[in-house]
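Q: Would you mind keeping the following structure in view while I ask a few things?
The values are calculated or read from the model by the stated rules, or taken from the named source; none is laboratory data. The structure presented is a predicted model; accordingly, all values stated were derived computationally and were not measured. Note: ideal-geometry Cβ built from the backbone for every residue, glycine included; neighbour counts use all protein chains shown. Ligands, DNA and RNA are excluded from the accessible area calculation, which covers all protein heavy atoms including side chains. Shrake-Rupley method; radii C 1.70, N 1.55, O 1.52, S 1.80 Å.
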Amino acid sequence: MTHTATPAAATPPASPAVPPKSRTAERSLARRALARPEIGALVAAVGVYLFFFAVAPTFRQADSFATVLYQASTMGIMALAVSLLMIGGEFDLSAGVAVTSSALAASMLSFQLTTNVWVGVLVALLVSLTVGLINGLLLIKTGLPSFLVSLASFLMLQGANLAITKLLTGNVATDTISDMDGFDQAKSLFASEIAIFGVDVKITVLWWLLFAAIATWVLLRTKFGNWIFAAGGSKESARAVGVPVNLTKIALFMTVGFAAWFVGMHLLFEYNTVQAGEGVGNEFYYIIAAVIGGCLLTGGYGSAIGAVLGAFIFGMVNQGIVYANWNPDWFKFFVGVMLLLATLVNLWVRRQAARR
């Protein structure tokens, strides 16, 4: 007797197992975040903000924060240019006194010739760009390190600032130009205030953010940005692939000159007069802000956003100490601590990114 085999009911195909959530994307995202030069500065900026927010009630006020942004902006405009130069592998120790030189040139030329202040402003721009051009050419033609070239420029500019000012004015400060033609228009461009939500904000803050956006776009979206990174990473390799290293470095020094001119014009039209001895030592603050923002002293690494955060930290510490009613003499101590911690954090971040 035969039995007809009853076919077994067809079982529906098993649904494909949902793979466990891949950690590859997570690792990739974390690696990209840690690889960003400004990540350490961002963490530091949040920490400094929360610290002074807790210990200094005045720090929480909107007008006080506007003052913090103003302090950050005047340093931040210069820090942006210096950070681009450092990414390109060079230093400019004359940046601090170059700001004063541009302001002195515009002020004394306008006053001595009794001309419209815009004439002085334009001549000062030419002077500042020329100083940057000379620094770049000396670097290229002599082969000396930029540290030595710009140190020589620093000493020459410092001496010239004092000597020429005394020669023309008989004093160490320029005469006021507030009553001269064109002053009000120039002040509105370089040193005015804008009301934002009822709070007066210096126009330098807006210029600072605009320059930061332009610098970020240049670094990340243009061929010149690639040249900057390549020139700072390895000059020989950059030249081998056709990067105009010499032109790039000269352009970066002239960019520092432009920034020095702009900040110098702000100082002139904010205070109407200029002290010839101002600016000495500020070049170190610009470099420190860039380093806190993630720039390496060896070049080839950094970001404009990091320089913005570094300058913002400076502004918060500078004003936060005052708002907390502490002795302002502690400022440089905090600057030294921030520099050391930023260097260590940046080193740790790069090592973590390399391991992932």
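Q: How do the peptides 82-90, 185-193, 282-290, 265-273 rank, highest first, by the average count of neighbouring beta carbon atoms within 10 Å per residue?
A: Values: 82-90: 28.4, 185-193: 16.6, 282-290: 24.9, 265-273: 21.3.
Ranked by mean Cβ neighbours within 10 Å, highest first: 82-90, 282-290, 265-273, 185-193.
Q: In the range 282-340, what percent of the accessible surface is made up of carbon and sulfur (1.4 Å probe, ligands and nucleic acids excluded)? It would help to have the intermediate numbers written out before the result.
A: Numbers: 1620 of 2330 Å².
Ligands and nucleic acids excluded, carbon and sulfur give 69 percent.
Q: If you take Cα extents along the principal axes in Å from the coordinates, which of (i) 77, 40, 32; (ii) 69, 54, 43; (iii) 131, 56, 37 do you get?
A: (iii)
Q: May I pose another question? Assuming R0 = 22 Å, can you tell me the calculated FRET efficiency for the pair TRP217 and ARG36, based on Cβ-Cβ distance, to the nearest 0.05? If you can, show how the numbers build up before the last one.
A: Numbers: r = 16 Å, r/R0 = 0.74.
Using R0 = 22 Å, I get an efficiency of 0.85.
Q: Shifting gears a bit: By how many degrees, between 0 and 90 and to the nearest 10, does the Cα long axis of helix 245-271 differ from the longest principal axis of the chain?
A: It works out to around 60 degrees.
Q: Quick check for you: with a 1.4 Å probe and neighbouring chains kept, what is the accessible area per residue of the chain, in Å²?
A: Normalised by residue count, the accessible surface of the chain is 51 Å².
Q: Name the residues whose placed amide hydrogens come within less than 5 Å of the amide hydrogen of VAL201, ignoring near sequence neighbours (fewer than 5 apart) on the same chain.
A: Those qualifying (amide H under 5 Å, at least 5 residues apart or on another chain) are ILE194, ALA195, ILE196.
Q: Right, another one. Distance cut-off 31 Å, Cα to Cα: go down the list LYS141/LYS223; LYS202/LYS332; LYS141/LYS187 and report the pairs above it.
A: Details: LYS141/LYS223 25 Å; LYS202/LYS332 25 Å; LYS141/LYS187 39 Å.
From the list (LYS141/LYS223; LYS202/LYS332; LYS141/LYS187), the Cα-Cα distance tops 31 Å for LYS141/LYS187.
Q: Let me ask something else. Express in % the proportion of alpha carbon pairs of the range 83-190 at distances exceeding 20 Å.
A: Values: 2644 of 5778 pairs.
Here the tail beyond 20 Å accounts for 46 percent of pairs.
Q: Then there's this: So what is Rg over Rh here for the range 203-282, counting just Cα atoms and using Kirkwood for Rh? Walk me through the numbers on the way to the answer.
A: Details: Rg = 16.3 Å, Rh = 14.8 Å.
Result: Rg/Rh = 1.10.
Q: Under a 10 Å cutoff between Cα atoms, tell me which one of ILE196, ILE77, ILE250 has the largest fluctuation in the Gaussian network model of the chain.
A: It is ILE196.
Q: Pop a pseudo-label 7 angstrom from the Cα along the beta-carbon direction at both SER178 and LEU126 and give the gap in nm to one decimal.
A: So the label points at SER178 and LEU126 sit 3.0 nm apart.
Q: Convert each backbone phi in the range 140-148 into a coupling constant with the Karplus relation 6.51 cos²θ - 1.76 cosθ + 1.60 (shift: θ = phi - 60°), then list the ³J(HN,Hα) values in order as whole Hz, x for Gly and Pro.
A: Each residue's phi maps through the Karplus curve to give 6, 6, 8, x, 6, x, 4, 4, 6 Hz.
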